[in-house]
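Just below is one structure, and these are the notes that go with it.
Since every read-out is calculated from the coordinates, none of them should be taken as a lab result. If you're wondering where the values come from, they're calculated on a predicted model, not measured in any experiment. Note: ideal-geometry Cβ built from the backbone for every residue, glycine included; neighbour counts use all protein chains shown.
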């Protein structure tokens, strides 16, 4: 869990292993194509957006096809997928906007986790 105190508010988010992997792939791509400075700028922009979304978790668009409560929010050429939880938001994935997001979710740990969470939600209704 990352906690930050920006603009006088407490911001809470956690980054799932799948999203950390996505961010590493984004960084590696940009470092190889344009250098470390550009990679840091791109990933830094995504992280700034994550902080903003954590302050306004309802700002994203519903993406329930990926699990109950999953939302998405754009940041530059990328889309952040996240879900609210009791202490803030959990970042599930970060994909390039041109990527086939349905294929990218298939078999990902975040997808499996979302399916398990969906089953728990349905059972507790």
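The label point for residue 77 and the one for residue 59, both projected 7 Å from the Cα toward the Cβ, are 2.2 nm apart. If the segment from residue 32 to residue 85 were pulled out straight at 0.36 nm per residue, it would be longer than the present Cα-Cα gap by 15.6 nm.
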